[in-house]
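The values are calculated or read from the model by the stated rules, or taken from the named source; none is laboratory data. What you are looking at is a predicted structure, and each value in this text was computed from that prediction instead of being measured. A quick note on method: Cβ atoms are made from the backbone with ideal geometry, for glycine too, and the neighbour counts reach across all protein chains shown.
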Amino acid sequence: MIEITVQESADEFVRVLAASAAVRAFQEAKASVARDEEFLALSSQQARMAAQFRSKQFDGTLTQEDISKQRMLYKQVTTHPTNVRYVAARDEVLELLQSCNEAMSSLLGFDFASNAAPAAAC
Amino acid sequence: MQHAKQTQADSATGRAALQAAQALARKVAESGIYKEFEEASTAFRGDAAAQKLYRAYQSAQQEGRMMQSWGSRNKGIEERVQRLEKELISHPTYERSIAAQEDLLVALKELNDYLTAKLGFDFADMTKPAGGCC
């Protein structure tokens with residue numbers, strides 16, 4: 001249960017962040033990714049191919065054609081305008097969020113984000 | 001001109017965000033859970049008997065790990081590790097500091113869940129320093 005004074009400050013922090021150009025651009029870019037069916041299909045095709053690639057690598061059945069196909073798909077995903085926009089917006093918002101985390105961490109005496117983040121799934 | 005105005009607005013928002021982040025951290029630092037964490041940690045660091053026990057436990061653990069890395073097992077060391085661990089976790093100042101640490105972690109995760117629900121992205125997960133898995 002969050003203490004009320006902490007909650008009030010959290011609300012103010014969220015209000016300021018949500019009003020920033022970086023967070024707004026990131027939210028828009030995230031929504032664009034979710035709306036772009038062509039990009040989502042390409043991205044899931046690339047993920048499927050990457051899994052097959054790893055299993056072929058493990059079996060020793062990887063061919064030059066597999067490598068070329070994987071390279072081409074990877075390039076198509078990374079240079080897709082929706083992805084380019086998303087990555088740029090994410091990088092910009094990360095800069096702002098990391099500065100905020102540093103400001104919080106130096107006051108608390110430990111890294112806020114590392115301690116508050118959900119446990120990593122391995 | 002338009003770009004200069006935008007940059008000014010961005011740096012003003014950036015400053016406001018930093019101030020809001022600092023204000024939030026100050027409120028966390030004033031909370032009962034954080035104060036208990038600080039007091040319990042200070043008490044543990046200042047408790048000579050608990051520190052001695054903690055060092056003995058760490059050293060026995062390290063010895064056990066070294067034996068394991070050489071592929072050998074030593075029942076005596078394993079028993080010593082278990083005995084010291086049992087003594088340590090029932091030591092009042094250690095027990096208090098661990099409980100306070102766990103309570104603080106729960107509170108931080110709750111705060112992050114709150115921020116995440118409002119922002120629509122996981123603040124801590126996105127922001128934490130990159131690191132190896134497990």
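Among the listed residues B:Ala130, B:Ala124, B:Ala117, B:Ala100, identify the single one that is touching a helix residue (DSSP H, G or I) at 6+ places or on another chain (Cβ under 6 Å) and within 30 Å of A:Arg24 (Cα to Cα).
Values: B:Ala130 fails: touching a helix residue (DSSP H, G or I) at 6+ places or on another chain (Cβ under 6 Å); B:Ala117 fails: touching a helix residue (DSSP H, G or I) at 6+ places or on another chain (Cβ under 6 Å); B:Ala100 fails: within 30 Å of A:Arg24 (Cα to Cα).
Matching residue, one of B:Ala130, B:Ala124, B:Ala117, B:Ala100: B:Ala124.
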Which of the residues belonging to the range B:32-84 are β-branched (Val, Ile, Thr) and either modelled with pLDDT under 90 or not in a helix (DSSP H, G or I) (or both)?
B:Ile77
Let me spell it out: the conditions are (1) closer than 30 Å to B:Glu39 by Cα; (2) more than 17 Å from the chain's Cα centre (by Cα); (3) among the hydrophobic types (A, V, I, L, M, F, W, C), and A:Ala113 meets all of them except one. Which number is the exception?
(2)
Spot the failing condition for A:Arg15; the list is (1) surrounded by fewer than 14 Cβ atoms within 10 Å (Cβ to Cβ); (2) within 30 Å of A:Leu62 (Cβ to Cβ), and only one is missed.
(2)
Restricting attention to the range A:19-34, and to residues there that are without any contact (Cβ under 8 Å) to a residue 12 or more places away in the chain and surrounded by 14 or more Cβ atoms within 10 Å (Cβ to Cβ), which single residue is farthest from the other protein chains (Cβ to nearest Cβ)?
A:Arg24
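Just to confirm my filter: which helices (runs of 4 or more DSSP H) fall fully inside the range A:1-82 and include at least 2 residues that are under 30 Å from B:Lys109 (Cα atoms) and at pLDDT 95 or above? Step through it out loud before you land on a result.
On the way: elements: A:4-19, A:21-35, A:37-59, A:64-79.
Passing ranges, in order: A:4-19, A:21-35.
Test A:Glu37 against the criterion of being surrounded by fewer than 16 Cβ atoms within 10 Å (Cβ to Cβ), within 21 Å of B:Leu119 (Cβ to Cβ) and either more than 14 Å from chain B (Cβ to nearest Cβ) or touching a residue at least 24 places away in the same chain (Cβ under 8 Å) (or both), and give yes or no. Break it down stepwise before answering.
Values: surrounded by fewer than 16 Cβ atoms within 10 Å (Cβ to Cβ): yes; within 21 Å of B:Leu119 (Cβ to Cβ): no; either more than 14 Å from chain B (Cβ to nearest Cβ) or touching a residue at least 24 places away in the same chain (Cβ under 8 Å) (or both): yes.
Answer is no for this residue.
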Confirm whether B:Gln101 is within 14 Å of chain A (Cβ to nearest Cβ) and either within 27 Å of A:Glu12 (Cα to Cα) or surrounded by 15 or more Cβ atoms within 10 Å (Cβ to Cβ) (or both).
yes
